[in-house]
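Okay, structure first, notes after.
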Amino acid sequence: MISAEQPNNPLHAVTLEMILTRLVEHYGWDGLAQRIDIKCFKIDPSIKSSLKFLRRTPWAREKVETLYLHSVFNTGAL
């Protein structure tokens, strides 16, 4: 649902944890690591450690958000 405050932001009200959880449920850690080459997805991955990294690393967060948007809007996969 798009709010009046940010009508053009498809990620409004979607947390990074929600995004990551849905991507892991859909692709699994291995599939996610194949799509986004980030160490925290490859070596002993967890939601907690990945969130910590993504919150500190804007370029990585952008890649995760882009994959999520592509998965939801282009393929309807999630």
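I need a count of the residues in region 10-28 that are of a type in the set (S, T, N, Q) and part of a helix (DSSP H, G or I). Full working, then the answer.
Here is the first cut: in region 10-28, the ones of a type in the set (S, T, N, Q) are 15, 21.
The next check asks that each one be part of a helix (DSSP H, G or I); those that pass are 21.
The total comes to 1.
Which pairs have Cβ atoms under 7 Å, sit 6 or more apart or on different chains, and link a residue in region 43-67 that is free of Cβ contacts under 8 Å to residues at least 24 places away in the same chain to one that is in a helix (DSSP H, G or I)?
Pro45/Trp29; Ser49/Cys40; Phe53/Cys40; Phe53/Ala60
Go through (1) of a type in the set (Ser, Thr, Tyr); (2) modelled with pLDDT under 95; (3) surrounded by 13 or more Cβ atoms within 10 Å (Cβ to Cβ) and name the single condition Ser49 misses.
The single condition Ser49 does not satisfy is (2).
Can you pull out every residue in region 15-42 that is without any contact (Cβ under 8 Å) to a residue 24 or more places away in the chain and touching an Asp or Glu at 6+ places or on another chain (Cβ under 9 Å)?
Phe41, Lys42
The values are calculated or read from the model by the stated rules, or taken from the named source; none is laboratory data. None of the values given here were measured: they were computed from a predicted structure. With ideal geometry, Cβ positions are generated from the backbone for all residues, glycine too; neighbour counts draw on all protein chains shown.
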